[in-house]
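Structure record follows, encoded as C-alpha cells.
The values are calculated or read from the model by the stated rules, or taken from the named source; none is laboratory data. Values in this document were obtained by computation on a predicted structure and should not be read as measured data. Using ideal geometry, Cβ is built from the backbone for each residue, glycine included, and neighbour counts are taken over all protein chains shown.
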C-alpha cells in the first residue's frame, strides 16, 4: 500500500529538528501496518530540482520514523525502478519501507504520467495523507490518484473535516481571525471569508492598512498605503455580505521593534508619528474576545502582533488563551493554520487546546481562499477503497 506522506521536516546537523510531521502521519502508517498491509511511504524533501542530492536524502528520516512507529523502517535508495521493486517484493505483511526523495526525479513536480505510473507499479492501493501537499499538482499527489484505488489517511481526513466545519459548513455565528503583515497576501482569503462568515477580526500589520484606508493615521507603522482602495473594497464587500469587520480600537506602540523597548498603549487614531503599532492593545483584545464569545465556530490565520518579540506577544497570547478556554468549554469549534499562526499558538501554550491546528501552510491558505486543491479533487474522483476495520 502506497502512502503519500509529508516528511519535509526541519533538519539540523543531519538530525530531525521537529518531529511534528512524522508524528502526524504515524497513526495512518501504524494502523495499516497492524492490519497486515505492506506500507510503502513516499515523500518529497526540500527542492533538489529533479536531481539526486545527497544533502536532501530522506535516509535520515527512516530511523526517527521507525522510533515513532516502534518498528523498523527500511530505507529504499530510490523511489522507482528495479531497486525499489526488489526491496518491496521482499516485504512481509506489516513491514514499513520509506522511499527516497520523490523530487530527485523531475517527473514528480511535472506531474508526469509516466513517473506516476512507475510509482503506481510499486503498490496496489494509494493512501493520501499529506494535505500539506494537496495544493500541488505533482505526480505523487494528483496523477497517481487516477491510477490506483485510493483513500484519505487519518491526517488528511481530520484536516478536511476540520476545514469543512469552519469554512464550507460553519456553525453560525461564524468568525475568522486574520492577521499577518500584508493585505496583498490575504486578498483571496478575505474575499472568500467575507461571503462565508459573520464576522472577521483583523489584526497584525494588516490591520494598519485597513485603518489607514478609513482615514486613521498609523504613524510609522508597517502599512501598505498603496492598498488603501483595495482594503476599502474589502470593507464594502463585507458590509454588503453582512459580514462584520472588527478592527483594533487601541494599540501598543514603540519607536522600534526590539525586546524591552519603551512602549505606550494608545487609542487608535492617537499613534505618534514616530511610532509603530506592534500589537493590539488590551481593549482590542477584550473586544475580540467578547465578539468571539458570541460565535460558534472560528478559523484563525495570522498573528495579531509581532508576537516573536516581547512584549508584543501580549495581544495574541490573550486572545489565543481565550479561544482555547472557549474551545475546552465546548463553546467554540476552533481551527487554525499557517506557519506563523502555529508558532504563535505554540508560543501562547495552547496549540493542543484548539479543535484542530493545521501545519499545512500553502494548502491551508489555498483552502480558505476557496480554491480547489488538486490532491483533494483527484482523491475525491478516485475509486474509493475501504481501509481495514477493527483493531
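The residues listed here are 24, 66, 49; of these, the one that is in a loop (DSSP other than H, G, I, E, B) and either assigned by TED's automatic domain parsing to the domain that holds residue 91 or within 21 Å of residue 157 (Cβ to Cβ) (or both) is 49.
Only one of (1) more than 18 Å from the chain's Cα centre (by Cα); (2) part of a loop (DSSP other than H, G, I, E, B) fails for residue 351. Which number is that? That leaves (1) as the condition not met. Screening region 164-282 for strands (runs of 3 or more DSSP E) wholly inside it with 3 or more residues that are without any contact (Cβ under 8 Å) to a residue 60 or more places away in the chain and within 20 Å of residue 297 (Cα to Cα) returns the ranges 244-246. Yes or no: region 125-144 includes at least one residue that is touching a strand residue (DSSP E or B) at 6+ places or on another chain (Cβ under 9 Å), assigned by TED's automatic domain parsing to the domain that holds residue 25, outside any strand (DSSP E or B) and surrounded by fewer than 23 Cβ atoms within 10 Å (Cβ to Cβ). Within region 125-144, one or more residues are touching a strand residue (DSSP E or B) at 6+ places or on another chain (Cβ under 9 Å), assigned by TED's automatic domain parsing to the domain that holds residue 25, outside any strand (DSSP E or B) and surrounded by fewer than 23 Cβ atoms within 10 Å (Cβ to Cβ).
The numbered conditions (1) under 21 Å from the mean Cα position of the chain (by Cα); (2) assigned to a loop (DSSP other than H, G, I, E, B); (3) in contact (Cβ under 8 Å) with a residue 24 or more places away in the chain are all true for residue 18 except (3). Residue 333 fulfils the conditions (1) over 21 Å from residue 205 (Cβ atoms); (2) crowded, with 20+ Cβ neighbours inside 10 Å; (3) at pLDDT below 95 except for a single criterion, (3).
Within region 336-357, being touching a strand residue (DSSP E or B) at 6+ places or on another chain (Cβ under 7 Å) and at pLDDT 90 or above holds for 336, 337, 341, 342, 345, 351, 354, 355, 356, 357. Summed over region 54-89, residues that are under 13 Å from residue 123 (Cα atoms) and loosely packed, with under 14 Cβ neighbours inside 10 Å total 2.
Annotation note: of 378, 363, 322, the sole residue that is farther than 24 Å from residue 284 by Cβ, outside any loop (DSSP other than H, G, I, E, B) and over 19 Å from the mean Cα position of the chain (by Cα) is 378.
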